[in-house]
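**Student:** Structure provided below as structure tokens; questions to follow.
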Number of protein chains: 2
Amino acid sequence: MAEEVILLDVRVSMFCLRVKIALAEKGIKCEYIEQDLQNKDPLLLKMNPFHNKVPVLIHNGKSICDSLIILQYIEEVWPEKPPNLLPSDTYHRAQARLLADFTNKIHGCGWKICLWDGEKLEVAKKELVEMLKVIEGELGDKPYFGFGGERFGFVDVALIGFYSWFIVYEMFGKFSMESEFPKLSAWAKRCLQKESVSKSITDIDGNKTYQYVVQSRKRLLARQ
Amino acid sequence: MAEEVILLDVRVSMFCLRVKIALAEKGIKCEYIEQDLQNKDPLLLKMNPFHNKVPVLIHNGKSICDSLIILQYIEEVWPEKPPNLLPSDTYHRAQARLLADFTNKIHGCGWKICLWDGEKLEVAKKELVEMLKVIEGELGDKPYFGFGGERFGFVDVALIGFYSWFIVYEMFGKFSMESEFPKLSAWAKRCLQKESVSKSITDIDGNKTYQYVVQSRKRLLARQ
């Protein structure tokens with residue numbers, strides 16, 4: 001039976017991107033339905049009653065929500081499709097889950113950088129820098145985060161989803177990822193050489209993400 | 001070889017309680033080392049460099065952090081020890097992870113109820129009530145959350161960790177769980193009949209948790 005795999009998607013979302021990369025890694029075909037978060041589709045509300053957020057993966061009519069939960073679902077439902085994202089060792093699997101969860105925090109901190117100015121901006125920048133230092137420390141001199149650093153895995157998928165957003169954080173925060181985090185920058189370039197990543201990231205110069213942030217900033221600041 | 005299982009614990013923590021219940025469910029013996037969060041032990045800082053938070057499970061010298069990640073670790077590392085917490089079906093496993101993640105949000109909202117007054121308290125109460133409505137809706141008329149409602153599982157462990165805290169939220173928020181959420185209240189009583197739960201929850205009347213909150217409230221308000 002042909003499988004139906006649909007992703008309720010927002011093109012600029014780092015969380016949706018994670019799912020697209022994981023599906024591409026496993027070679028699973030998927031239909032994408034772009035969502036307008038300002039005018040939510042009843043399908044999204046029905047499929048994600050907890051949060052009404054993307055991504056939502058609809059697999060044969062059933063919905064799975066939250067990007068990291070979807071990644072684990074993809075791993076578990078198509079175990080026969082290599083490459084795996086999570087290691088088989090239970091301890092390393094727990095560590096990968098912990099670090100992937102930690103990368104989620106970049107999102108909230110990054111929005112502060114995009115929205116705030118002056119002293120508050122500096123506080124948010126410091127918070128992001130501290131976070132990225134921890135993450136870069138975990139990478140060390142290894143080529144990837146996954147599988148003891150040997151290959152692209154769960155944490156790599158979780159973090160590379162932020163690729164276009166890092167460019168935007170640099171623009172609003174006025175800092176350079178390349179000079180502040182040379183190892184993370186080299187890792188990101190390495191990830192981009194993978195077809196699953198390069199074909200999924202459509203906003204390679206961050207321009208569309210920047211435009212999205214500028215629009216969101218206008219809307220959010222107008223509400224205050 | 002004898003296994004070393006240690007929990008860096010704080011007795012009033014709902015997140016530590018989850019781990020204790022999961023270990024009790026599987027019949028795994030554990031040594032508890034109580035932590036003082038106001039004066040953090042170097043062991044905690046070493047074992048949880050990401051967050052310096054409890055719970056931390058130390059299994060044969062290796063540390064695993066974050067209560068829900070620890071629960072999954074326990075499930076994966078001792079698969080031969082019934083009862084399981086997560087269902088074998090991939091879709092139901094994803095749903096259990098999503099709802100358990102959702103229960104985490106109670107913590108932040110609950111602190112607002114304990115710390116705030118007046119209009120802000122009312123907003124926080126409304127937020128908690130909305131959250132609990134969603135959770136009660138998921139329970140419906142089933143005896144448990146786990147395994148299609150048939151038995152105690154991952155979400156039950158995650159939520160019952162809040163048992164003593166619900167009493168405290170009622171006291172500060174001036175509402176009654178029993179009358180507002182009769183199904184959740186009946187579910188909590190049902191959980192308490194399980195030995196793994198009743199032996200793990202040491203603050204059955206919420207008094208110690210209340211004292212802890214009063215002390216924390218004094219300390220936090222003095223800082224403002």
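No value in this document is a laboratory result; all are computed from the given coordinates. What you see is a predicted model; the values in this text were computed from it and never measured. Here the Cβ is made from the backbone with ideal geometry for all residues, glycine too, and neighbour counts use every protein chain on show.
**Student:** Below 8 Å between Cα atoms, with a sequence gap of 6+, how large is the relative contact order for chain A in percent?
**Tutor:** The value is 21 percent.
**Student:** For each of B:174, A:20, A:125, count neighbouring Cβ atoms within 10 Å of the residue's Cβ, then give the residues from fewest to most.
**Tutor:** Ranking B:174, A:20, A:125 by Cβ neighbours within 10 Å, fewest first, gives B:174, A:125, A:20.
**Student:** Give me the percent of Cα-Cα pairs in the stretch B:5-77 that sit more than 16 Å apart, rounded to a whole number.
**Tutor:** Here the tail beyond 16 Å accounts for 39 percent of pairs.
**Student:** Here is a follow-up. Which ³J(HN,Hα) values in Hz, rounded to whole numbers, follow from the phi angles of the stretch B:154-162 under the Karplus curve 6.51 cos²θ - 1.76 cosθ + 1.60, where θ = phi - 60° and Gly and Pro get x?
**Tutor:** Working through the residues one at a time gives 3, 5, 4, 4, 4, 7, 5, x, 7 Hz.
**Student:** Continuing with the same structure: Using the 7 Å Cα-to-Cβ label point, sort the distances from residue A:183 to its equivalents in the other copies shortest first and give them in nm to one decimal.
**Tutor:** 5.0
**Student:** Another one. Taking a cut-off of 29 Å between Cα atoms, list the lysines near residue A:194, but don't count ones fewer than 8 places away on the same chain.
**Tutor:** Correct list for residue A:194: A:20, A:26, A:29, A:53, A:81, A:105, A:133, A:142, A:174, A:183, A:208.
**Student:** Stokes-Einstein at 4 °C, 1.567 mPa s, Kirkwood radius from Cα pairs: D for chain B in µm² s⁻¹?
**Tutor:** In µm²/s, the coefficient rounds to 71.
**Student:** With a ≥ b ≥ c the root eigenvalues of the C-alpha gyration tensor of the protein assembly as shown, is it rounded (a/c under 1.5), prolate (a/b larger than b/c) or oblate?
**Tutor:** rounded
**Student:** Then there's this: Distances from residue A:204 to the same residue in each other copy, label points 7 Å out along Cα→Cβ, in nm, shortest first?
**Tutor:** List, nearest first: 6.6 nm.
**Student:** Per residue, how big is the convex hull of the stretch B:90-222 when only Cα atoms are used? Give it in Å³.
**Tutor:** It comes to 104 Å³ per residue, whole-number rounded.
**Student:** Based on the alpha-carbon gyration tensor of the stretch A:176-224 and its eigenvalue square roots a ≥ b ≥ c, which shape applies: rounded if a/c is under 1.5, prolate if not and a/b is larger than b/c, or oblate? Write down the numbers at each step before the final one.
**Tutor:** Working: a/c = 4.15, a/b = 1.80, b/c = 2.30.
Oblate is the answer for the stretch A:176-224, as a/c is 1.5 or above yet b/c matches or exceeds a/b.
**Student:** Under a 10 Å cutoff between Cα atoms, tell me which one of B:115, B:159, B:86 has the largest fluctuation in the Gaussian network model of chain B.
**Tutor:** Of the options given, B:115 has the highest mean-square fluctuation.
**Student:** To the nearest 20 debye, what charge dipole does the stretch A:1-61 have about its Cα centre, counting +1 at the Cβ of each Lys and Arg and -1 at the Cβ of each Asp and Glu?
**Tutor:** Dipole about the Cα centre, nearest 20: 200 debye.
**Student:** Work through the residues other than residue B:25 whose Cβ is under 9 Å from its Cβ and net out their charges, Lys, Arg +1 and Asp, Glu -1.
**Tutor:** That works out to +3.
**Student:** Between copies, how close do the residue A:81 label points come, placed 7 Å along Cα→Cβ, listed in nm from shortest?
**Tutor:** Reported distances to equivalent positions: 3.5 nm.
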